[in-house]
Amino acid sequence: MTAVNNLDKRIYVAGHRGMVGSAIVRKLVAQGYKNIIVRTRAELDLTNQAQVQALFATERPDEVYVAAAKVGGIHANNVYPAEFIYSNLMVEANLIHESWRAGVDKLLFLGSSCIYPRLATQPMAEDALLTGKLELTNEPYAVAKIAGIKLCESYNRQYGTDYRSVMPTNLYGPGDNYHPENSHVLPALIRRFHEAKLAGAEQVVIWGSGMARREFMYVDDMAEACVHVMDLSKEIYTANTEPMASHVNVGTGIDLTIAELAKTIAAVVGYEGEIVQDRSKPDGAPRKLLDVDLLRELGWTATTALHAGIEETYRDFMQRNASVELAHA
């Protein structure tokens, strides 16, 4: 299939209601793209191959963003490992295979920084993939994401497709999941500190030692990076990657401890009580910082500072929960 030039090409964003997918749609709309294809979960089960095949046969997209995934924090990954590996494997396999069957010009697969070994050299460069054991708390999810990278590479090698992969660091921002148990650390802390402030709680307990280091990236920066990588010519992308190491890290190149993150969020929310670490709970990997030199060489750098991004995310939390009875009530 040959894509229509520029703003008329048909772009399918899988997972458009998620935090990342919705940010990609916002970016594409802002750039003037007119034919963006989306489906809700009720309209399309991405784990069902026949339904995915029917979508591609009907819509004939020129480009595909694979932003659909089952995601969650340490707790969710520990409790639902079978769901995490099955759902993610099925979704990516169906989307990548049916993209090839339908002759899609370009595809961008979104992975995760958890693909790298638990004790990988920091910062983690793209060539650290498959060099050691994964973090056990999210191994099923990580294995599924590694499979997605290898699916793209295998179709490129056998069929000459142009399927690319980006590995984002920890993301946050508007549209995040603020569930008290199944969300990632940053949105979970926003909710916890907010409820503690309203309840007048003297202390907030945080999982782990607080010494684990993490990198966080604002989701609209991630969306901008995705569109940038997708828009690169095939010649530039392949010249800067390798056939069996074709993914690109997407991050800020800056990390901080979970304790420092908690203090930053507490300040944004306005919580003035004590922050206590529960050292009986797991830290996860000791450090997860991406090496983003390749992304910079490809012409893109993140611009949103963490404090400013958390302020925007807290505003989003307040807007989405304005009419919801929180746990303190």
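Throughout, read-outs are computed from the coordinates displayed, never taken from laboratory work. No experiment lies behind these values; they were computed from the predicted model shown. No Cβ is skipped: glycine too gets one built from the backbone with ideal geometry, and neighbour counts run over all protein chains shown.
The numbered conditions (1) among the small types (Gly, Ala, Ser); (2) in a helix (DSSP H, G or I); (3) touching a Pro at 6+ places or on another chain (Cβ under 6 Å) are all true for residue 50 except (3). Entry remark, region 1-49: residues being of a type in the set (Val, Ile, Thr) and surrounded by 15 or more Cβ atoms within 10 Å (Cβ to Cβ) number 9 in total. In the set (1) in a helix (DSSP H, G or I); (2) under 25 Å from residue 272 (Cβ atoms); (3) in contact with an Asp or Glu (Cβ under 7 Å, 6 or more places away or on another chain), residue 209 fails one condition alone, (1).
Select from region 141-150 the residues that are surrounded by fewer than 22 Cβ atoms within 10 Å (Cβ to Cβ) and in contact (Cβ under 8 Å) with a residue 12 or more places away in the chain and list them in ascending order. Quick ask: steps written out before the conclusion?
Just the residues of region 141-150 that are surrounded by fewer than 22 Cβ atoms within 10 Å (Cβ to Cβ), to begin with: 143, 146-147, 150.
Listed by number, the residues that qualify are 143, 146, 147.
The residue of region 105-138 that is farthest from the chain's Cα centre (by Cα), among those that are assigned to a helix (DSSP H, G or I) and touching a residue at least 40 places away in the same chain (Cβ under 8 Å), is 127. Quick check on my filter: what residues within region 234-256 are on the phi > 0 side of the Ramachandran plot and loosely packed, with under 14 Cβ neighbours inside 10 Å? Selection gives nothing. Filtering 38, 66 for residues that are within 27 Å of residue 234 (Cβ to Cβ), aliphatic (A, V, I, L, M) and in contact with an Asp or Glu (Cβ under 8 Å, 6 or more places away or on another chain) leaves a single hit, 66. Scanning region 104-125 for residues that are out of contact with any helix residue (DSSP H, G or I) (no Cβ under 6 Å at 6 or more places or on another chain) and closer than 24 Å to residue 252 by Cβ yields 110, 113, 117, 118, 119, 121, 122, 123, 124, 125. Among the residues of region 188-208, which ones are touching a strand residue (DSSP E or B) at 6+ places or on another chain (Cβ under 6 Å) and either under 27 Å from residue 292 (Cα atoms) or of a type in the set (Gly, Ala, Ser) (or both)? Listed by number, the list holds a single entry, 196.
Against the condition surrounded by 15 or more Cβ atoms within 10 Å (Cβ to Cβ) and in contact with a Cys (Cβ under 9 Å, 6 or more places away or on another chain), how does residue 52 come out, does it pass?
Values: surrounded by 15 or more Cβ atoms within 10 Å (Cβ to Cβ): yes; in contact with a Cys (Cβ under 9 Å, 6 or more places away or on another chain): no.
Criteria not met by residue 52.
The number of residues in region 99-116 being buried (at least 22 other Cβ atoms within 10 Å of the Cβ) and among the charged types (D, E, K, R) comes to 1.
Would you confirm, using the coordinates I've provided, whether residue 102 is in contact (Cβ under 8 Å) with a residue 60 or more places away in the chain and aliphatic (A, V, I, L, M)? So residue 102 passes the test.
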